[in-house]
Amino acid sequence: MAVAAPGQLNLDEVPAWGSRSVDFFEKLEQIGEGTYGQVYMAKETRTGEIVALKKIRMDNEREGFPITAIREIKILKKLHHQNVIQLKEIVTSPGPEKDEQGRPADGNKYKGNIYMVFEYMDHDLTGLSDRPGMRFSIPQIKCYMRQLLTGLHYCHVNQVLHRDIKAGSNLLIDNEGNLKLADFGLARSFSGDQNANLTNRVITLWYRPPELLLGSTKYGPQVDMWSVGCIFAELLHGKPILPGKNEPEQLSKIFELCGTPDESNWPGVTKMPWYNNFKPARPMKRRIREVFKHFDHYALDLLEKMLALDPDNRICAKDALDAEYFWTDPLPCDPKSLPKYESSHEFQTKKKRQQQRQQEEAAKRQKLSHPPPHTRLPPIQQPGQPHPPVRPGLNQPMHGSQPPMAAGGPSHHYGKPRGPSGGPSRYPQGASASGGYNNPNRGGQGGSYGNAPYPSQSRGAPPYGSGGMSGTGGPRGTSSGAGGYGGSGPNYPQGGPYGASGPGRGPNNMRNQQQQQQQYGGWQ
């Protein structure tokens with residue numbers, strides 16, 4: 001390694017982890033946020049290199065450095081693959097960081113912060129798929145899936161479980177078409193015998209396999225393959241396929257799609273800890289080929305093996321790479337042939353949607369506080385009774401005429417206080433004089449893993465096909481979660497429908513109308 005002259009920067013020298021301050025980087029834009037902290041796009045001030053800074057949240061830690069960060073750093077130090085995110089270094093802030101007003105930026109008055117420096121990736125899968133008008137072609141989907149399986153196979157061969165694969169901020173893509181696995185905060189090493197007790201409270205709910213939902217604590221790489229199967233179907237279908245709201249509903253959706261588990265299709269399932277709590281009341285048949293009948297035949301074959309209920313029958317990453325799906329036309333495209341897009345991250349997409357909702361709510365509040373002028377409506381009549389003619393009362397002039405002037409002073413028309421005149425009533429007998437404005441309501445084959453080195457595929461690298469963008473893949477449906485280089489649980493929340501106000505009736509119609517609109521209006 002070349003040694004720099006005194007006072008000069010050696011650009012070839014890799015800095016020791018933790019030896020540099022975050023002041024060597026200029027934060028450009030926030031691209032992610034979650035329970036772990038924030039992620040920023042940043043620039044190395046001396047070299048100009050664009051990186052991603054992942055801030056490790058320390059303000060709520062009472063037992064020192066977070067175990068999730070320790071695991072992520074430890075695992076990423078030993079993983080080096082083109083489809084796994086690269087951790088470049090660790091930097092620190094020696095004291096509390098301050099905002100523009102000079103106050104501690106995160107409530108941390110005394111301690112500094114720690115940042116993980118990653119290579120920068122232009123997109124995550126959710127941010128890219130949520131772009132307006134975005135449609136992934138079949139060669140593009142095959143390209144992304146092949147890279148995902150290749151990176152995951154490398155992890156499994158090195159005995160690492162990811163345990164949080166989801167179609168969101170954990171799958172990063174650059175403008176060269178390269179896809180990389182990220183966010184190893186829940187990852188951990190595993191042994192080949194799978195006898196260790198592991199937590200089942202991992203993997204975002206929509207991508208969590210049935211064995212974890214049924215309480216299993218002994219599992220292996222098969223849990224990651226279930227998540228990959230959910231992503232595969234989502235890319236082809238255009239939206240998440242198992243969007244459960246809670247664990248019982250998630251299991252129910254799995255059984256409705258994949259059938260009821262029993263001893264015949266999943267030996268030992270009846271002995272799982274929570275089987276009796278969640279077993280379906282009636283048997284259900286497997287419906288993957290029925291629900292996704294518009295998928296390619298080879299895609300359905302691969303999906304069936306990925307979403308096998310019995311983990312022992314679930315296909316492994318190595319065998320999935322050798323599936324016919326990746327070797328039939330149209331072939332996976334060359335990543336470099338994919339178009340370049342403007343930077344797109346899930347965090348930014350969610351932020352834009354939130355701003356749009358806030359603008360809509362503000363416009364609605366403005367409309368309620370300044371209602372448009374209403375035309376005076378005729379009084380409410382009894383059913384079948386016509387409106388009576390409105391005639392001028394005593395001392396009231398006919399339309400277009402001036403009131404008579406009596407000698408010695410003004411007429412009774414001007415002299416009397418405002419109020420009903422002495423003439424005939426404007427309302428018919430029995431009619432209500434309190435009618436207000438009407439405001440209607442709006443209403444497979446299994447695989448095994450060992451300690452062997454990363455094996456090559458049996459067929460060799462598949463040839464690249466056309467890089468064209470035509471195909472059937474649709475845009476991804478709504479999604480949540482935190483954006484950029486890892487995040488929290490899936491977050492695919494939807495704003496509720498617009499509420500409505502009831503019809504204005506009563507002695508103070510406008511006030512009742514506004515109160516009802518304030519009570520029921522806006523996003524539910």
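Among the residues of the stretch 28-51, those that are assigned to a strand (DSSP E or B) and polar (S, T, N, Q) comprise GLN30, GLN38.
Name the residue, out of GLU290, GLU342, that is in a loop (DSSP other than H, G, I, E, B) and either touching a Phe, Trp or Tyr at 6+ places or on another chain (Cβ under 8 Å) or acidic (Asp, Glu) (or both).
Numbers: GLU290 fails: in a loop (DSSP other than H, G, I, E, B).
None of the other options fit; the residue is GLU342.
If the condition is being at pLDDT below 90 and either surrounded by fewer than 24 Cβ atoms within 10 Å (Cβ to Cβ) or over 16 Å from the mean Cα position of the chain (by Cα) (or both), then the stretch 129-142 contributes ASP130, ARG131, PRO132, GLY133, MET134, ARG135. Scanning the stretch 36-55 for residues that are touching a Gly at 6+ places or on another chain (Cβ under 8 Å) and among the β-branched types (Val, Ile, Thr) turns up just one, VAL39.
For TYR110, the conditions (1) exposed (fewer than 11 other Cβ atoms within 10 Å of the Cβ); (2) of a type in the set (Phe, Trp, Tyr); (3) modelled with pLDDT of 70 or more all hold with the exception of (3).
Would you check if ILE241 is at pLDDT 95 or above, in a helix (DSSP H, G or I) and buried (at least 16 other Cβ atoms within 10 Å of the Cβ)? Answer is no for this residue.
When the stretch 123-175 is filtered for residues that are assigned to a loop (DSSP other than H, G, I, E, B) and polar (S, T, N, Q), the ones remaining, listed by number, are SER137, ASN158, GLN159, SER169, ASN170, ASN175.
Only one of the listed residues (VAL202, VAL228) is β-branched (Val, Ile, Thr) and outside any loop (DSSP other than H, G, I, E, B). That residue is VAL228. Exactly one residue out of LEU338, LEU307 is surrounded by 19 or more Cβ atoms within 10 Å (Cβ to Cβ) and either in contact with a Pro (Cβ under 6 Å, 6 or more places away or on another chain) or modelled with pLDDT under 95 (or both): that is LEU338.
Residues checked against (1) over 30 Å from the mean Cα position of the chain (by Cα); (2) modelled with pLDDT under 95; (3) assigned to a strand (DSSP E or B):
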site: VAL3; (1), (2), (3): yes, yes, no
site: ALA16; (1), (2), (3): yes, yes, no
site: LEU53; (1), (2), (3): no, no, yes
site: ASP59; (1), (2), (3): no, yes, no
site: LYS88; (1), (2), (3): no, no, yes
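In the condition set (1) farther than 18 Å from CYS230 by Cβ; (2) of a type in the set (Gly, Ala, Ser); (3) assigned to a helix (DSSP H, G or I), SER252 is compliant with all but (1).
Confirm whether LYS336 is out of contact with any His (no Cβ under 8 Å at 6 or more places or on another chain), within 29 Å of GLU249 (Cβ to Cβ) and of a type in the set (D, E, K, R). No.
The values are calculated or read from the model by the stated rules, or taken from the named source; none is laboratory data. Quick caveat: nothing in here was measured; it's all calculated off a predicted structure. Glycine gets a Cβ as well: all are built from the backbone with ideal geometry, and neighbour counts include every protein chain shown.
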